[in-house]
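First up is the structure itself, then whatever we jot down about it.
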Amino acid sequence: MSFTFGLRGPCAAFDTACSSAVVALHAGVRGLQNGDCDLTLVSGVNAMLTSTISASFAVAGMTSATGRCHTFDRNADGYLRGEGCALLLLEKDTSIKWRGSAVMHNGQSATFTALNASSQKDLLQRALQGTTVTSVEAHGTGTRLGDPIEVSALSLLDRVCVSGAKACLGHGEPNA
């Protein structure tokens, strides 16, 4: 994008699976805060161009066999894949204040795709230092392993509304 549109300043691509767009947003906000740039353009894209990955995820039991995503439900059996593109332009001097952000690796967990409960809690505490949160858009993939771990980490927050759009939109994977 920088080459095509003649953009200057820091430019990076992130491939951190489901957190790619969030990690890019974190880096963009940090660039604004550190004075590396006055504007930041953050984007995430997922396009399903072949059926190979969908078939692999189905064989691995990651996607829903029922064809529905049951986020935070006892019937959770996996997620639905989704395509999309999101683009966000942030300016350094706006009335919107970025209250918190943190990025960290999950460390070891039950499986490569499973969340680590203590890492999730640590991440939330680092990101939300001293802020009041009333709602959270959760990762909420609709898996029996991941959703309870995520809800457990979110239990650190008092009286918070937790939602999961993936049940309606599909999981955009790197665009999530």
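Quick check: the distance between the Cα centres of segment 48-82 and segment 1-32, to the nearest angstrom?
If you average the Cα positions of each part, the centres end up 28 Å apart.
Can you send over the carbon and sulfur percentage of the accessible area for segment 1-41, probe radius 1.4 Å, protein chains only?
58 percent
Which of the lysines could a cross-linker bridge to Lys121, judged by Cα under 20 Å and excluding same-chain residues fewer than eight apart?
Cross-link targets: none qualify.
Based only on the alpha carbon positions, what is the Kirkwood hydrodynamic radius of the chain, in angstrom?
By the Kirkwood definition, the hydrodynamic radius is 17.6 Å.
Quick one: putting +1 on the C-beta of Lys and Arg, -1 on the C-beta of Asp and Glu, what dipole do you get for the chain around its Cα centre, in Debye to the nearest 20?
About 180 debye.
Ranked from highest to lowest mean number of other Cβ atoms within 10 Å per residue, what is the order of the peptides 160-167, 18-25?
18-25, 160-167
Please find, in a Gaussian network model of the chain (springs between Cα atoms separated by less than 10 Å), the residue of Ala12, Ala86, Ala27 whose mean-square fluctuation is greatest.
Of the options given, Ala12 has the highest mean-square fluctuation.
With runs of 4+ DSSP H residues as the only contributors, calculate the mean residue ellipticity of the chain at 222 nm using -39,500 (n - 2.57) per run, divided by the residue total and rounded to the nearest 500.
Computed mean residue ellipticity for the chain: -8000 deg cm²/dmol.
In the chain, with Lys and Arg counted as +1 and Asp and Glu as -1 at Cβ, which of these residues, Ser51, Leu87, Ala65, has the Cα nearest the positive end of the dipole, that is, farthest along it?
Towards the positive end, the residue furthest out is Ala65.
Using a 1.4 angstrom probe and counting only protein chains, how large is the accessible area of Phe57 in Å², to 10?
The accessible area of Phe57 comes to roughly 50 Å².
Which aspartates and glutamates have a Cα lying under 14 Å from the Cα of Lys92, excluding residues fewer than 8 positions away in the same chain?
Asp36, Asp38
Among Ala12, Ser152, Leu39, flag the residue with its Cα farthest along the positive direction of the charge dipole of the chain, charges on Cβ as +1 for Lys/Arg and -1 for Asp/Glu.
Result: Ser152.
Multiply the residue gap between Ser56 and Ala127 by 0.36 nm, knock off their C-alpha separation, and tell me the result in nm, one decimal place.
Full-extension gain reported as 22.2 nm.
Can you classify segment 90-147 as rounded, prolate or oblate using the Cα gyration tensor, where a ≥ b ≥ c are the square roots of its eigenvalues, rounded means a/c under 1.5, and otherwise it's prolate if a/b beats b/c and oblate if not?
prolate
What does the accessible area of His171 come to, in Å² to the nearest 10, when a probe of 1.4 Å is used?
Looks like 0 Å² after rounding.
Keeping all protein chains in place and using 1.4 angstrom, which order do Glu173, Glu83 fall into by accessible surface area, from largest down?
Glu83, Glu173
Can you pull the percent of segment 56-154's accessible area that's carbon plus sulfur, 1.4 Å probe, other chains left in place?
Solvent-exposed carbon and sulfur of segment 56-154 make up 53 percent of the total.
What FRET efficiency comes out for the pair Val160/Ser118, r = Cβ-Cβ distance, R0 = 22 Å, nearest 0.05?
Given R0 = 22 Å and the Cβ-Cβ separation, E is 0.70.
Counting Lys and Arg as +1 and Asp and Glu as -1, each charge on the Cβ, what is the dipole of segment 7-83 about the Cα centre in debye, to the nearest 20?
The calculated dipole for segment 7-83 is roughly 80 debye.
With an 8 Å cut-off on Cα pairs and a minimum separation of 6 or more residues, tell me the relative contact order of the chain in percent.
Once normalised by length, the contact order is 29 percent.
Springs between alpha-carbon pairs under 10 angstrom, Gaussian network model over the chain: which of Thr94, Thr113, Thr131 fluctuates most?
Thr94
The values are calculated or read from the model by the stated rules, or taken from the named source; none is laboratory data. A quick note: this is a predicted structure, and the numbers were derived from the prediction, not measured. Because the Cβ atoms are built from the backbone with ideal geometry, glycine has one as well, and the counts that use them run over all protein chains shown. Areas reflect the complete protein model, heavy atoms only, side chains present, ligands, DNA and RNA absent. Shrake-Rupley method; radii C 1.70, N 1.55, O 1.52, S 1.80 Å.
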